[in-house]
Amino acid sequence: MPTYKSTAINEQGLPSAIGVLVVNLGTPEAASSGAVRRFLKLFLSDPRVVEYPRLIWWLILNLIILVIRPSRSAAAYRKVWTEQGSPLIVNSRAIVNKLRDRLASISDQPVYVELAMTYGKPSIAAAIDQLVEKGVRRIVTLPLYPQYSGTTTAAVFDAVVRELGQYRWVPESRFINSYHDASGYIRALASSVHESWAEHGRGDKLLMSFHGVPKKTVDNGDPYFNHCQKTAELLAHELELSDKEWMFAFQSRVGRDEWLTPYTDQTVTKLGEQGLSRLDVVCPGFSTDCLETLEEIAMQNAEFFTAAGGGSLHYIGALNARDDHAQFLAELIHENISDWTVIHDEPSDCMHGRAIGADA
């Protein structure tokens, strides 16, 4: 017989608190081979991330990938690690802190914001437990992925549903799938590019690099490619770029399967071979800077560009906890909880615990 988590009964007449669960991918707890191995095992064991037959993938993961990759990845993490931890966790916490400030005044009910990672700590289970302990009866989940993909956004959904299913009294729940074409998001991206150009000058071309996924993922119905393309087109329009002044590509591919093209590393190399003196790169699919932006783009691909004959590659940072980014996310959340912030009429007698038909 299953055992469900208990939920404290709200006092009569008091409005329920609202919870906001902000979720990012996750990160190792340290820049060490052991910590990276634990993180990769958790991450790459998710069938949402790798859609291989489970037995075959278990053998590949445990006998090859987790033997070879942790030390390499740990060395890369050490290049970007900070005293407070990985850039992803540091920047995610900063976003959540700003959201708490901005959401505090929008409702007569308390609004609590918690950060969680799909893989690693703080876990989704721990974050939901904290929300429920604070009296939250309604939860909206915001994955920090502007473009929807089953490999990322849906993995968050799976984890949230699993955890909510552990409760006897399941909180009401909403889920924000994507915001790839939201005007506030596009404006924040454009502002970050303009500010970079004003401070560091402008390159010959702007490359928008998105995280890649296997091509078969999109062939099977995932909207990710279309979302990335729409984001890129809207950003180019907002920046008033001609077709020759920008392009988009996909980074971080692994394995032998075909991934979404064009590939970022090949694109960067080709542009270097063309003798471009300056290439600007922005990563609109990453809400926070992380290993893939700070090490893969700003370091690895900068070397590819120069080695191929190009001048310099300038990376334009992720939105992170910029004020306009935090304001947009707060407004997005508010749109999804605005009807929850209304104080309803006093509950009926039966809601107060009196049985229907009981004596007055």
Show the residue pairs that are 6+ apart or on different chains and have beta-carbon atoms under 7 Å apart, the first residue being within segment 84-98 and within 23 Å of Val111 (Cβ to Cβ), the second being of a type in the set (Asp, Glu) and assigned to a loop (DSSP other than H, G, I, E, B).
Asn91/Asp289
Residue hits (segment 61-103; of a type in the set (Asp, Glu) and either modelled with pLDDT of 95 or more or not assigned by TED's automatic domain parsing to the domain that holds Leu329 (or both)) are Glu83
Check on Val193, in the same structural domain as Asp289 (by TED's automatic domain parsing), in contact (Cβ under 8 Å) with a residue 40 or more places away in the chain and under 26 Å from Val254 (Cα atoms):
no
Using the structure shown, decide if Ala125 is assigned by TED's automatic domain parsing to the domain that holds Ile139, more than 19 Å from Arg48 (Cβ to Cβ) and of a type in the set (Gly, Ala, Ser).
no
Of the residues Val156, Val140, Val161, Val136, which single one is β-branched (Val, Ile, Thr) and farther than 24 Å from Ala321 by Cβ?
Val161
Given the conditions (1) at pLDDT below 95; (2) touching a helix residue (DSSP H, G or I) at 6+ places or on another chain (Cβ under 9 Å), every one holds for Val218 apart from (1)
Residues (touching an Asp or Glu at 6+ places or on another chain (Cβ under 7 Å) and either at pLDDT below 95 or within 17 Å of Phe210 (Cβ to Cβ) (or both)) located in segment 303-319
Ile316, Gly317, Ala318
How many residues, within segment 43-58, are among the aliphatic types (A, V, I, L, M) and farther than 18 Å from Ser252 by Cβ?
2
Could you tell me how many of the residues in segment 160-171 are outside any loop (DSSP other than H, G, I, E, B) and in contact (Cβ under 8 Å) with a residue 60 or more places away in the chain?
2
Just wondering, is there one or more residues in segment 8-22 that are of a type in the set (D, E, K, R) and either in a helix (DSSP H, G or I) or under 26 Å from the mean Cα position of the chain (by Cα) (or both)?
no
Surrounded by 22 or more Cβ atoms within 10 Å (Cβ to Cβ) and in contact with a Phe, Trp or Tyr (Cβ under 6 Å, 6 or more places away or on another chain), is that true of Val218?
no
Just checking, how many residues over segment 198-228 are in a helix (DSSP H, G or I) and free of Cβ contacts under 8 Å to residues at least 12 places away in the same chain?
4
Among (1) within 18 Å of the chain's Cα centre (by Cα); (2) over 22 Å from Val193 (Cβ atoms); (3) surrounded by fewer than 20 Cβ atoms within 10 Å (Cβ to Cβ), the one test that Ser252 misses
(2)
Say we look at segment 257-294 and pick out the residues that are under 18 Å from the mean Cα position of the chain (by Cα) and of a type in the set (D, E, K, R); which of these is nearest to Phe210 (Cα to Cα)?
Glu292
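The values are calculated or read from the model by the stated rules, or taken from the named source; none is laboratory data. Please read these numbers as outputs of a predicted model, since none were measured by experiment. A quick note on method: Cβ atoms are made from the backbone with ideal geometry, for glycine too, and the neighbour counts reach across all protein chains shown.
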